[in-house]
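Working notes, structure below.
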Amino acid sequence: MIEQTEQIYKILTLLFGTGAAGATLKYFIERRKTKRMETEKTILTYENLLSNLLLTRKTFVYQGEKRNELVMAILRNHKEIQISDFKTSDGRVKFDEFFGKNYPILNEKQLEEFKFIRGMNDTLVEYNSRVKDILSKNLSLTLEVPKLHDLLDHINIWLVKYNTEFKNNQKQCLVYVGPKGKPFPKNVENDIKMKIEELKK
């Protein structure tokens with residue numbers, strides 16, 4: 001960097017003279033410094049975003065595991081219930097419908113599990129709100145990483161469903177918006193990691 005700066009100074013001196021060369025070089029150095037500071041700030045923003053997304057995914061995956069355990073427990077205790085009755089044409093389970101219909105037959109232990117699964121949405125709403133806040137304050141990120149635009153749409157719809165449909169319905173324990181056409185964008189975390197690496201070069 002020092003050698004490069006000296007070379008630039010020599011060239012500027014030849015072109016403009018000593019005084020102008022010094023002023024131009026100072027401007028050049030300050031400009032690079034400002035740009036680097038802006039880049040470092042952007043990197044921190046991406047890292048903060050990624051951290052919250054990884055926490056969201058970890059919670060979501062764990063919630064899915066507990067959901068599956070509860071579904072299996074209900075099916076074991078009630079042989080008359082057929083999971084196929086709650087599947088879409090493409091094979092996806094309609095969990096909202098499954099739990100809504102079978103909520104009245106939950107035993108005490110299953111009800112505790114249901115409430116635990118439901119409670120995890122309070123953690124998810126916190127993480128999703130953080131992600132929304134980061135993206136809303138840094139909309140330029142959605143231009144640099146296009147999937148972040150889809151992510152913001154997904155989270156906005158998720159938060160609307162949480163506040164309008166889920167919060168006051170005690171027979172629901174999950175908030176899913178993927179089936180409504182706004183799934184969580186695939187591999188978005190990897191796209192963010194790649195962008196961070198690109199900025200660090």
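Numbers below:
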quantity	calculated
Looking only at segment 131-145, and only at residues there that are without any contact (Cβ under 8 Å) to a residue 24 or more places away in the chain and not polar (S, T, N, Q), the one that is farthest from residue 38 (Cα to Cα)	133
Checking residue 111 against (1) farther than 15 Å from residue 175 by Cβ; (2) buried (at least 19 other Cβ atoms within 10 Å of the Cβ); (3) not acidic (Asp, Glu), the condition it does not meet	(2)
Residue check for residue 182: touching a residue at least 12 places away in the same chain (Cβ under 8 Å) and either surrounded by fewer than 16 Cβ atoms within 10 Å (Cβ to Cβ) or out of contact with any His (no Cβ under 7 Å at 6 or more places or on another chain) (or both)	no
Filter pass, residue 102 being surrounded by 18 or more Cβ atoms within 10 Å (Cβ to Cβ) and not in a strand (DSSP E or B)	yes
Helices (runs of 4 or more DSSP H) contained in segment 138-201 and holding at least 3 residues of a type in the set (D, E, K, R)	147-161, 188-200
Pair list, Cβ < 9 Å and 6+ apart or interchain, from segment 147-167 residues that are surrounded by fewer than 19 Cβ atoms within 10 Å (Cβ to Cβ) to residues that are modelled with pLDDT under 95 and of a type in the set (Gly, Ala, Ser)	157/181
Residue list for segment 73-99, restricted to those being within 29 Å of the chain's Cα centre (by Cα), touching a residue at least 12 places away in the same chain (Cβ under 8 Å) and assigned to a helix (DSSP H, G or I)	86, 95, 96, 98, 99
Residues being among the β-branched types (Val, Ile, Thr) and over 22 Å from residue 119 (Cβ atoms) - total across segment 67-87	2
Residue within segment 112-133 that is acidic (Asp, Glu) and part of a loop (DSSP other than H, G, I, E, B) present	no
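Conditions (1) among the β-branched types (Val, Ile, Thr); (2) within 30 Å of residue 76 (Cα to Cα), marked per residue:
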| position | (1), (2) |
| --- | --- |
| 120 | no, yes |
| 123 | yes, yes |
| 128 | no, no |
| 142 | yes, no |
| 150 | no, no |
| 192 | yes, no |
| 195 | no, no |
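The values are calculated or read from the model by the stated rules, or taken from the named source; none is laboratory data. Here the structure is a predicted model, which is why all the values come from computation and not from measurement. For neighbour counting, all protein chains shown are included, and Cβ atoms are generated from backbone atoms with ideal geometry for every residue, glycine included.
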